[in-house]
Amino acid sequence: MARPSDRVLKGDACAPQRSLFYALGLTEEELSRPLIGVVSAYSEIVPGHLHLDKITNEMREIAQFKAGIRMAGGTPIMVPAIGVCDGIAMGHIGMKYSLASRELIADSVETMANAHGFDGLVLVPNCDKIVPGMLMGALRVNLPAVVMSGGAMLPGNDKGKDMSLSTMFEAVGAKKAGLIDQQELTYIEQNACPGCGSCSGMFTANSMNCLCEVLGIALPGNGTIPAVYSGRMQLAKKAGMAVMQMVEKNIRPRDIVNERSLRNGLACDMALGCSSNTVLHLLAIAKEAKVELDLNIINEVSQATPNLCKLAPAGPDHIVDLYRAGGVQAVMKELQKKGLIDDSLMTVTGKSVKENLETVKNLDHRIIKDIDAPNSPTGGIAVLFGNIAPKGCVVKRSAVDPSMLKHTGPARVFDSEEEAIDAIYNGKIVKGDVVVIRYEGPKGGPGMREMLNPTSALAGMKLDKDVALITDGRFSGATRGAAIGHVSPEAASQGPIAVIREGELIDIDINAGTIDLRIDAEEMQRRLDAWQPPQPKVSEGWLARYARLVSSADEGAVLK
């Protein structure tokens, strides 16, 4: 059978290309084997990626992938991918680039794979947009591929209590409110993130790493083995061998990521209490997999799936605790008991989901609730509809205090994140308010910024049980509280959120799936007819192109 690498290696016409491979130090023997692109997001700016290449000059994950590929008869070639650290980019113009970078990463995987004739791919991401971006690219080129993340950071510790990056952001709000002093803030700052890996809670990066495991495109353990454990390096070797098995059998990503596996992903998303950002990413992944997926399907799965885990920011436990409890596979085992996942599906192990789960046990029913005694009968994510969001909006229901599941309050309207955070820090937001942050969507932002600063400020000020937030932007996976994002259509596309006025009452009922402004349909239409688009916030550079081409959040914020 012909290989993609034949177009750069076979025949006299490819002699110039072969000469360049020899310039890399490769041998005839290596060029006779399948070429496997190891797409690494290694850099020295993202803590989740720092260890993907070298730590104190010791080769780690990348070396293990290469070892596994070579052991199974392939030739590994490392190529780069960019990665934005959301924590560093938070709260300034950098966050406009975060979601947008997902499309650049997908494009770069497509470019590097097709330009160089790779026969398969090992994808080495770890953080928020890099995981879905790499998977989207792999689905697009549809070459045999395995996702192998770098693993989760261990939690920090504050006087015997675990903490994470969300603790750090909330501490800023606590300091503003006078609840902690400078010494305590500095202590948390220096101890919240103790080392490499994706931030330690069930934030977006770890959510996506877990869901890749559920989709079957990553090996069991991908979502939860900590970055610093030797098991992570052992898993990397197995991933290198797994991709060679896929090349040999011609098993491709779209054979694994399909409608049924995406439903498995959604079910585990609900059970795990993953980040609300997973909705954006699963919609985008589905498009590359040629699968129809919309917000109504997501709500359908949520209504049928109980929530089994409450990890940070929804609870005190972290990814390492989920790992010790049996990991993602143990969550799948609980769902299997009620037939809530399809266990007949193929995975990159070469086995079905059912075969993978045969020896799996739930080792800690405090961390992973029994399917008959869940945290709640419905999933961790809810999609709301109403006259504010005719095409839907998203909330991480498992991180909302029960008292805020139903709330009515006056709108406090802001046209940017900066305006809102200024009002919060200056004590202008009070109990009962509904903070509306608009013109922060995919087009209007542009880039659909995460709003961790305002949500964590409210949590740090102990207002997260009294104040709701609504935005056409999005919220970090580290967010807790009644934070409702992805409002569609967005303000910049003449969505109803654009015409909410200061002080008007907003009704939110998360369990009922509704969100409405208390005005009649005729008045809403009059306001929309009179609406005028504002000047673009960004008018040059590639973000301006992104703003012109990006779709709505309910379509995954993908480029048209």
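What the table shows:
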read-out	value
Efficiency of FRET from Cβ geometry, Ala115 and Glu540, R₀ 35 Å, rounded to 0.05	0.80
Shape call, the chain: gyration tensor on alpha carbons, a/c limit 1.5	prolate
0 to 90° range, to nearest 10: angle between helix 295-304 axis and the chain longest Cα axis	90 degrees
Distance in nm between pseudo-label sites at Ile45 and Ala15 (7 Å out along the Cβ direction from Cα)	4.3 nm
Backbone N under 15 Å from the Lys462 label point (7 Å along Cα→Cβ), restricted to segment 155-191	171, 173-181
Computed FRET value (nearest 0.05) for Ala2 with Asn387, which takes r as the C-beta separation and R₀ as 41 Å	0.15
For segment 391-515, convex hull volume per residue from C-alpha positions, Å³	85 Å³
Chain lengthening between Leu363 and Met71 when straightened (0.36 nm per residue, less Cα-Cα)	101.8 nm
Förster-model FRET efficiency, 45 Å R0, Asp372 and Lys431, C-beta, rounded to 0.05	0.75
Magnitude of the charge dipole, segment 337-435, Cβ model with Lys/Arg +1 and Asp/Glu -1, debye to 20	380 debye
Accessible area (Å², per residue) of the chain, counting only protein heavy atoms and a probe of 1.4 Å	37 Å²
Contour minus Cα-Cα distance for Asp343 and Lys161 (0.36 nm per residue)	61.8 nm
Whole-percent carbon and sulfur share, accessible surface of segment 374-490, 1.4 Å	52 percent
Electrostatic dipole magnitude of segment 461-537 [Cβ: Lys, Arg +1; Asp, Glu -1; Cα centre; debye, to 20]	420 debye
Unsatisfied cross-links (Cα-Cα over 24 Å) in the set Lys238/Lys361; Lys333/Lys465; Lys176/Lys465	Lys333/Lys465
Dipole in debye (nearest 20) - the chain, about Cα centre, beta carbon charges: Lys, Arg +1; Asp, Glu -1	920 debye
Potential lengthening between Asn511 and Thr27 on full extension [0.36 nm per residue; Cα-Cα distance subtracted]	168.1 nm
Dipole-positive endmost among Pro226, Gly25, Leu165 within the chain (Cβ charges, Cα centre)	Gly25
For segment 156-172, Karplus couplings with θ = phi - 60° (6.51, -1.76, 1.60), whole Hz, Gly/Pro x	x, 9, 10, 6, x, 10, 5, 8, 8, 4, 5, 4, 5, 5, 5, 5, 4
Ordering of 543-551, 105-113, 360-368, 473-481 by burial proxy (mean other Cβ atoms within 10 Å per residue, highest first)	473-481, 105-113, 543-551, 360-368
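The values are calculated or read from the model by the stated rules, or taken from the named source; none is laboratory data. Quantities reported herein were computed from a predicted structural model and do not represent experimental measurements. Virtual Cβ from ideal backbone geometry, glycine too; neighbours counted across all protein chains shown. Please note that ligands, DNA and RNA were not included when accessible areas were found on the heavy atoms of the full protein model with its side chains. Shrake-Rupley method; radii C 1.70, N 1.55, O 1.52, S 1.80 Å.
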